[in-house]
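**Q** Got a structure for you, questions after.
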Amino acid sequence: MTEFDQLQKIWKSQKPAYQLPGAETLRNKKQTSKDRLLRQLTFSALTFVLVACITSALQDLSLTFTGHLALAGLAVLCLMQASVQGYSALALYRIDELQHPAQHVKAWENYYHVRKKMIATSGPIYFIFFNLLMGLFFADTLAGYNSSTIAVIIILYISWIILAWFIIRRKIQAREYDRIQSAIDNLKKLDRDFNN
């Protein structure tokens, strides 16, 4: 029996080749795609709230009714965009990492489609109303300047808007979509491994 006892001792002392991480390990894991996206959305929402507060504070300037209307509109627009970003962050936060892999993949795919629709609708609406309100603000604040100064300011503004809308926005969206798609692809791979 000593051989059996020795064999049993060796067998019990060996560790399994791979151990699945526990629930707490999965919940506490940092630097995931979800964490990066949550930080990005939260920061964006807070930035819009800050801009809304700043534009509200600028109401004390000696502006005409049009200028005050433009600043109030910008504050409301930024708060609306902050609520859109906050809604996205909340939807992302509600995805449970401990669901069955197939359900987890489905939750990410649903988030991805909702997020794409939100960006497709809220982005252009924000862009149009932001520029209309900025036009009203410029009309009020630049009224006393000479035409060459006004032309330079408007050219700089239009250049920045074109750069922001057509280049920077597309790069940021592509990066966000890549992160989400990467997370979905990794989850699908885990689901296939889980089912095999």
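The values are calculated or read from the model by the stated rules, or taken from the named source; none is laboratory data. Values in this document were obtained by computation on a predicted structure and should not be read as measured data. Ideal geometry is used to build each Cβ from the backbone, glycine not excepted, and the neighbour counts take in all protein chains shown.
**Q** Given (1) more than 29 Å from the chain's Cα centre (by Cα); (2) among the aliphatic types (A, V, I, L, M); (3) in a helix (DSSP H, G or I), identify the lone condition not met by residue 143.
**A** Residue 143 satisfies every listed condition except (3).
**Q** Quick test for you: out of 149, 141, pick the one residue that is touching a Gly at 6+ places or on another chain (Cβ under 7 Å) and closer than 26 Å to residue 62 by Cβ.
**A** Only one candidate passes the filter, namely 141.
**Q** Any idea how many residues of the range 1-36 are hydroxyl-bearing (Ser, Thr, Tyr), modelled with pLDDT of 55 or more and surrounded by fewer than 10 Cβ atoms within 10 Å (Cβ to Cβ)?
**A** 2
**Q** Ok, one more. Taking the range 100-121 as the search range and keeping residues that are of a type in the set (D, E, K, R) and within 19 Å of the chain's Cα centre (by Cα), which one is farthest from residue 74 (Cα to Cα)?
**A** 109
**Q** Moving to a separate point now. Quick check on my filter: what residues within the range 173-185 are more than 16 Å from residue 92 (Cβ to Cβ) and not charged (D, E, K, R)?
**A** 174 - this is the single residue of the range 173-185 that is more than 16 Å from residue 92 (Cβ to Cβ) and not charged (D, E, K, R).
**Q** Let me ask another. Filter the range 122-134 for residues that are over 19 Å from the mean Cα position of the chain (by Cα) and of a type in the set (A, V, I, L, M, F, W, C); which is surrounded by the most Cβ atoms within 10 Å (Cβ to Cβ)?
**A** Here the residue is 133.
**Q** In the list 154, 162, 119, 158, which residue meets the criterion of being touching an Asp or Glu at 6+ places or on another chain (Cβ under 9 Å) and either in a helix (DSSP H, G or I) or modelled with pLDDT of 85 or more (or both)?
**A** None of the others qualify; the one that does is 119.
**Q** Residues that are surrounded by 14 or more Cβ atoms within 10 Å (Cβ to Cβ) and among the charged types (D, E, K, R): does the range 135-151 have at least one?
**A** Yes: one or more hits.
**Q** Another question about this same structure. Taking the range 152-184 on its own, how many of its residues are polar (S, T, N, Q) and exposed (fewer than 11 other Cβ atoms within 10 Å of the Cβ)?
**A** Residues in the range 152-184 being polar (S, T, N, Q) and exposed (fewer than 11 other Cβ atoms within 10 Å of the Cβ): 1 in total.
**Q** Looking only at residues that are hydroxyl-bearing (Ser, Thr, Tyr) and out of contact with any Leu (no Cβ under 8 Å at 6 or more places or on another chain) in the range 37-85, which one is surrounded by the fewest Cβ atoms within 10 Å (Cβ to Cβ)?
**A** Filtering the range 37-85 for residues that are hydroxyl-bearing (Ser, Thr, Tyr) and out of contact with any Leu (no Cβ under 8 Å at 6 or more places or on another chain), the one surrounded by the fewest Cβ atoms within 10 Å (Cβ to Cβ) comes out as 62.
**Q** Between residues in the range 103-122 that are closer than 20 Å to residue 192 by Cβ and residues that are polar (S, T, N, Q) and outside any helix (DSSP H, G or I), which pairs lie under 6 Å by C-beta distance while being six or more apart or on different chains?
**A** Hits for this filter: zero, empty list.
**Q** Name the residues in the range 90-106 that are assigned to a helix (DSSP H, G or I), surrounded by fewer than 19 Cβ atoms within 10 Å (Cβ to Cβ) and either among the hydrophobic types (A, V, I, L, M, F, W, C) or touching a Phe, Trp or Tyr at 6+ places or on another chain (Cβ under 9 Å) (or both), would you?
**A** 90, 91, 101, 102
**Q** Now for a separate question. Within the range 165-196, can you find the residues that are closer than 19 Å to residue 119 by Cα and in a loop (DSSP other than H, G, I, E, B)?
**A** none
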